[in-house]
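> Okay, handing you the structure first.
The values are calculated or read from the model by the stated rules, or taken from the named source; none is laboratory data. Nothing here was measured: the structure is a model prediction, and the numbers come from that model. Note that we place each Cβ from the backbone using ideal geometry, even for glycine, and neighbour counts take in every protein chain shown. Accessible surface areas use protein heavy atoms only, side chains included; no ligands, DNA or RNA. Shrake-Rupley method; radii C 1.70, N 1.55, O 1.52, S 1.80 Å.
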Amino acid sequence: LKDQFDNLDKHTQWGIDFLEKYAKFVKERIEIEQNYAKQLRNLVKKYCPKRSPKDEEPRFTSCIAFFNILNELNDYAGQREVVAEEMGHRVYGELMRYSHDLKTERKMHLQEGRKAQQYLDMCWKQMDNSKKKFERECREAEKAQQSYERLDNDTNATKADVEKAKQQLNLRTHMADENKNEYAAQLQNFNGEQHKHYYIVIPQIYKQLQEMDERRTIKLSECYKGFADSERKVIPIISKCLEGMILAAKSVDEHRDSQLVIDCFKSGFEPPGDFPFEDYSQNIYRTISDGTISTPKQEGMRIDTKTTVGKAKGKLWLFGKKPKPQSPPLTPTSLYTSSTPNGSQYPIFSIEPVHYCMSDIKTGKPRIPSFRSLKRGFFCLQGPALEDFSHLPPEQRRKKLQQRIDELNRELQKETDQKDALIKMKDVYEKNPQMGDPSSLQPKLTETMSNMDRLRMEIHKNEAWLSEVEGKVAARGDRRHSSDINHLVTQGRESPEGSYTDDANQEVRGPPQQHAHPNEFDDEFEDDDPLPAIGHCKAIYPFDGHNEGTLAMKEGEILYIIEEDKGDGWTRARRHNGEEGYVPTSYIDVTLEKNSKGA
């Protein structure tokens, strides 16, 4: 390798270029890791839910598991950033610093080699010059000797010419000897420098270049290892992230999700009872047996309001409009009272079958059958959400009230802690006046006490509503059970409005009750036919009924139920005088009759 200086120069340059090429590879890998982590974080941010109220927080195990997976994926993205940071610091940064040092060291060694080669070339030139000078002087000496010999043998030559030629020969010979000595010295010096160059200087420079290239190779090896270690260090944490995803997947519980759906939409209402059998043949048998409509009804027969109403609906009249008969006045014997399972009394009416049928006959003019539903829907849209959540079904109302009580208790605890802190601070100020004025804390303390009193009142009010709801839910089940028992005892005795009497002797028949004035609504907006009562209710609280479609009621008033709550918190009721409207379900105590339910 003593004469391969240029080749070594090229090899060391290739080594540095390869080092920089690998550094560029690491840089691009770092950019990939950073972009990958950034994209993962953007993906997590895109699918993570925004900050939402507590009511909208995910409760289903599948949703919670997905959000846990997103959190683990976010941690995984963080580990990719750690990999990029480790590679940038430990591999790429180290490679760039080492490449700069390597270039400086290589440049220094190559300069030393070039200087040694230049010095050797200079010695060779000096030796070559002395050699050429010695060779020229020797030729001149030979010429002088030949000239001297020619003149010495020539008889015609003078003695002076011979002496001059001899002196010239001696001079040239002397100069040739001096050049010979100089050439010998230069040659000896060159040989020494050449030996030193090829056996000492150049090997030392080559050795330094070899060590430099070996260190470059070792550095590459270390960077390869660091490149892998950067990835291996985060493998345990990445494994934990993946294990977290697996645990999140295993935490999905389909039964729990189903139960949450049930709890979320559970209303607390009981399903409707069985539809009763409607015997449309009773009027036929009565007509055959009586022969006239004026014949008194047998004692054992009972009129079915739904049957007569259905018959009246199906009649066709000659001129398109059926007459509106005037109802006979009420007699004192037509009004009686009946007791409900909870002990309250309300009036019932015993009605002659023929008169009852006549009272249900109205005009045959086309009507708008959906007017009732339009009024009801319009009112439900306008009705605001009440503070006590009475517009919600019982079960949902109970949950909302319980959530509000929990929130108020947390706020009360915060205010209590703040009050204690203010009291302690006030004591400190009183003991150390230089720290502050105790009186400056009094307004804040008064405000905190006021907030605590307000929160206690709110908690007490909501707890009262909660107790009311829980009591009603329990009482409703008891009343339902009691109503079923009463139905079995009375054997189907029913008043004209769908209620039952406790005593068969109270079923005295009389003229019908006029439920509404003929001119209360226009014919175009008149309801089809009065709905039969499916139960009764007692007003627990007064209700003003200012909005259109509602029915005002007083506390303790007895009303007929003609339409159950559809889940919107409103029940349709009717007064004894026929006035109908919607009342809040939470304001009444409802008792439904099983045989009339769904009529």
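> Among LYS219, LYS207, LYS180, which is the only one that is more than 30 Å from TYR76 (Cβ to Cβ), in contact with a helix residue (DSSP H, G or I) (Cβ under 7 Å, 6 or more places away or on another chain) and open to solvent by 70 Å² or more (accessible area, probe 1.4 Å)?
Values: LYS219 fails: open to solvent by 70 Å² or more (accessible area, probe 1.4 Å); LYS207 fails: in contact with a helix residue (DSSP H, G or I) (Cβ under 7 Å, 6 or more places away or on another chain).
Criteria check complete, one pass: LYS180.
> Has the stretch 253-275 got any residue that is assigned to a helix (DSSP H, G or I), of a type in the set (Val, Ile, Thr) and modelled with pLDDT of 90 or more?
Kept after step one, since they are assigned to a helix (DSSP H, G or I), are these residues of the stretch 253-275: 254-265.
Those left that are additionally of a type in the set (Val, Ile, Thr): 261-262.
Going one step further and asking which of them are modelled with pLDDT of 90 or more, we end up with none.
Scanning the stretch 253-275 turns up no residue that is assigned to a helix (DSSP H, G or I), of a type in the set (Val, Ile, Thr) and modelled with pLDDT of 90 or more.
> Looking at (1) surrounded by fewer than 12 Cβ atoms within 10 Å (Cβ to Cβ); (2) modelled with pLDDT under 95; (3) not in a loop (DSSP other than H, G, I, E, B), which is the only condition GLU28 fails?
With respect to (1) surrounded by fewer than 12 Cβ atoms within 10 Å (Cβ to Cβ); (2) modelled with pLDDT under 95; (3) not in a loop (DSSP other than H, G, I, E, B), GLU28 is out only on (2).
> Given GLU458, GLU407, GLU430, which one is open to solvent by less than 70 Å² (accessible area, probe 1.4 Å) and part of a helix (DSSP H, G or I)? Steps first, answer last, please.
Values: GLU407 fails: open to solvent by less than 70 Å² (accessible area, probe 1.4 Å); GLU430 fails: open to solvent by less than 70 Å² (accessible area, probe 1.4 Å).
Only one candidate passes the filter, namely GLU458.
> Here is a further query. Kindly check whether there is at least one residue in the stretch 108-126 that is in the same structural domain as ASP229 (by the TED database), within 30 Å of GLY226 (Cα to Cα) and open to solvent by less than 80 Å² (accessible area, probe 1.4 Å). Spell out how you get there, then give the answer.
Initial filter on the stretch 108-126 (in the same structural domain as ASP229 (by the TED database)): 108-126.
Filter once more, so that each one left must be within 30 Å of GLY226 (Cα to Cα): 108-109.
Next, from what is left, pick out any that are open to solvent by less than 80 Å² (accessible area, probe 1.4 Å): 109.
Yes; the residues of the stretch 108-126 include at least one that is in the same structural domain as ASP229 (by the TED database), within 30 Å of GLY226 (Cα to Cα) and open to solvent by less than 80 Å² (accessible area, probe 1.4 Å).
Here is a yes/no grid of residues against (1) surrounded by fewer than 15 Cβ atoms within 10 Å (Cβ to Cβ); (2) among the β-branched types (Val, Ile, Thr); (3) over 20 Å from the mean Cα position of the chain (by Cα); (4) under 20 Å from ASN68 (Cα atoms):
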site	(1), (2), (3), (4)
MET245	no, no, no, yes
ALA248	no, no, no, yes
HIS255	yes, no, yes, yes
GLN259	yes, no, yes, no
ILE262	yes, yes, yes, no
PHE265	yes, no, yes, no
GLY268	no, no, yes, no
ASP274	yes, no, yes, no
ILE284	yes, yes, yes, no
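> Among the residues of the stretch 218-275, write down those that are of a type in the set (S, T, N, Q) and under 30 Å from TYR22 (Cα atoms). Before the answer, list the steps.
Quick first cut of the stretch 218-275, residues of a type in the set (S, T, N, Q) only: 221, 230, 239, 251, 258-259, 267.
Passing the criteria: SER221, SER230, SER239.
Every residue, every condition in (1) closer than 30 Å to LEU95 by Cα; (2) at pLDDT below 90; (3) within 60 Å of the chain's Cα centre (by Cα); (4) not in a helix (DSSP H, G or I), yes or no:
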position	(1), (2), (3), (4)
ALA184	no, no, no, no
LEU187	no, no, no, no
TYR198	no, yes, no, no
GLN210	yes, no, no, no
ILE218	yes, no, yes, no
GLU222	yes, no, yes, no
LYS225	yes, no, yes, no
ARG232	yes, no, yes, no
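> While we're here: (1) crowded, with 17+ Cβ neighbours inside 10 Å; (2) modelled with pLDDT of 90 or more: which one isn't true of PHE60, the others all being true?
PHE60 satisfies every listed condition except (2).
> Among the numbered criteria (1) modelled with pLDDT of 90 or more; (2) open to solvent by 10 Å² or more (accessible area, probe 1.4 Å), which single criterion is violated by PRO511?
Failing condition for PRO511: (1).
> Please determine whether any residue of the stretch 152-161 is modelled with pLDDT of 85 or more and surrounded by 17 or more Cβ atoms within 10 Å (Cβ to Cβ).
no
> Taking the stretch 88-145 as the region of interest, how many residues are within 29 Å of HIS11 (Cβ to Cβ) and touching a residue at least 40 places away in the same chain (Cβ under 8 Å)?
Step one: of the stretch 88-145, the residues within 29 Å of HIS11 (Cβ to Cβ) are 90-124.
Those left that are additionally touching a residue at least 40 places away in the same chain (Cβ under 8 Å): 90-92, 94-96, 98-99, 102-103, 105-106, 109-110, 112-113, 116-117, 119-120, 123-124.
Counting residues in the stretch 88-145 that are within 29 Å of HIS11 (Cβ to Cβ) and touching a residue at least 40 places away in the same chain (Cβ under 8 Å) gives 22.
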